[in-house]
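Enquirer: Pasting a structure below so you can have a look.
The values are calculated or read from the model by the stated rules, or taken from the named source; none is laboratory data. Model, not experiment: these values are computed from the prediction. Backbone-built Cβ (ideal geometry, glycine too); neighbour counts: all protein chains shown.
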Amino acid sequence: MVDSKVVLTGQTLAYTFYCLVIILFVAWFAIKVTGKGKGLAVKPAIFYTFVGFLTILGVSLHMITYNTIPWVEMDLNRSDYKPDKTFVITVKDHQFYLPSDKLVINVNDKVLFDVQSEDLTYGFGLFRSDNSMMFQMQVVPGHRNDILWHFDREGVYTIRSTEYSGPKGVYMIMKDAVEVIPANATN
């Protein structure tokens, strides 16, 4: 699975370039349209060719990045994947209740996080040690709230609420609550 940091960096570069091209095109078009008869007007063939190019480029970017988003394949074909581990997590009174003090996962495990809220809408996010987010989901009471994730490298992760649930929600942080260890290590 591609790391979400790599995906975000690639998408940032691609879409920044795409937006700059569009901005330059709009500026060029505006200058030509508002000019006082000096120079040549924008010819329709050039205009529509460039619009077609931008359309093809934009659709291509979406098609390329669709397959790089790490969770898409498992989400779209959820019935084809069986989790190696399932963790049922309860959230209430602005606290996460885990099945154990630390959730230990082996590298290459597919893990289902089944998170249930008993009172408010919360968020459930897994964060790397540099505080960048690996994934997150909204946890709504009375609804199914789960996410299937494939862990392809070792690491220690923090669980945080990613949804506003009142002033106490900012303190919903469980440091180093998830540890991904080598597949051959003992749990």
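Enquirer: Of the conditions (1) closer than 21 Å to Val6 by Cα; (2) touching a strand residue (DSSP E or B) at 6+ places or on another chain (Cβ under 9 Å); (3) touching a residue at least 40 places away in the same chain (Cβ under 8 Å); (4) surrounded by fewer than 18 Cβ atoms within 10 Å (Cβ to Cβ), Phe151 clears all except one; give me its number.
Expert: For Phe151, the failing item is (4).
Enquirer: Within segment 77-94, how many residues turn out to be on the phi < 0 side of the Ramachandran plot, assigned to a loop (DSSP other than H, G, I, E, B) and loosely packed, with under 14 Cβ neighbours inside 10 Å?
Expert: Counting residues in segment 77-94 that are on the phi < 0 side of the Ramachandran plot, assigned to a loop (DSSP other than H, G, I, E, B) and loosely packed, with under 14 Cβ neighbours inside 10 Å gives 2.
Results for (1) at pLDDT 80 or above; (2) within 17 Å of the chain's Cα centre (by Cα), shown as yes or no for each residue.
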{"site": "Met1", "(1), (2)": "no, yes"}
{"site": "Val6", "(1), (2)": "no, yes"}
{"site": "Thr9", "(1), (2)": "yes, yes"}
{"site": "Ile23", "(1), (2)": "yes, no"}
{"site": "Ile31", "(1), (2)": "no, no"}
{"site": "Gly35", "(1), (2)": "no, no"}
{"site": "Leu40", "(1), (2)": "no, no"}
{"site": "Ala45", "(1), (2)": "yes, no"}
{"site": "Leu54", "(1), (2)": "yes, no"}
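Enquirer: Quick one: count up the residues across segment 154-178 that are more than 20 Å from the chain's Cα centre (by Cα) and surrounded by 14 or more Cβ atoms within 10 Å (Cβ to Cβ).
Expert: Applying the first criterion (more than 20 Å from the chain's Cα centre (by Cα)) to segment 154-178 yields 165-172, 174-177.
Within this subset, residues satisfying the condition of being surrounded by 14 or more Cβ atoms within 10 Å (Cβ to Cβ) are 165, 169, 172, 174, 177.
Adding up the residues that qualify gives 5.
Enquirer: Considering Gly58, Gly125, which residue is in contact with a Ser or Thr (Cβ under 8 Å, 6 or more places away or on another chain) and surrounded by 14 or more Cβ atoms within 10 Å (Cβ to Cβ)?
Expert: Of the residues listed, the single one that is in contact with a Ser or Thr (Cβ under 8 Å, 6 or more places away or on another chain) and surrounded by 14 or more Cβ atoms within 10 Å (Cβ to Cβ) is Gly125.
Enquirer: Scan segment 86-100 residue by residue and report those that are of a type outside the set (Val, Ile, Thr) and either closer than 23 Å to Glu163 by Cα or not assigned by TED's automatic domain parsing to the domain that holds Gly166 (or both).
Expert: Phe87, Lys92, Asp93, His94, Gln95, Phe96, Tyr97, Leu98, Pro99
Enquirer: So, one more: Looking at segment 88-134, which of its residues are hydroxyl-bearing (Ser, Thr, Tyr), closer than 23 Å to Lys168 by Cβ and in contact (Cβ under 8 Å) with a residue 24 or more places away in the chain?
Expert: Answer for segment 88-134, where residues must be hydroxyl-bearing (Ser, Thr, Tyr), closer than 23 Å to Lys168 by Cβ and in contact (Cβ under 8 Å) with a residue 24 or more places away in the chain: Thr90, Ser117, Thr121, Tyr122.
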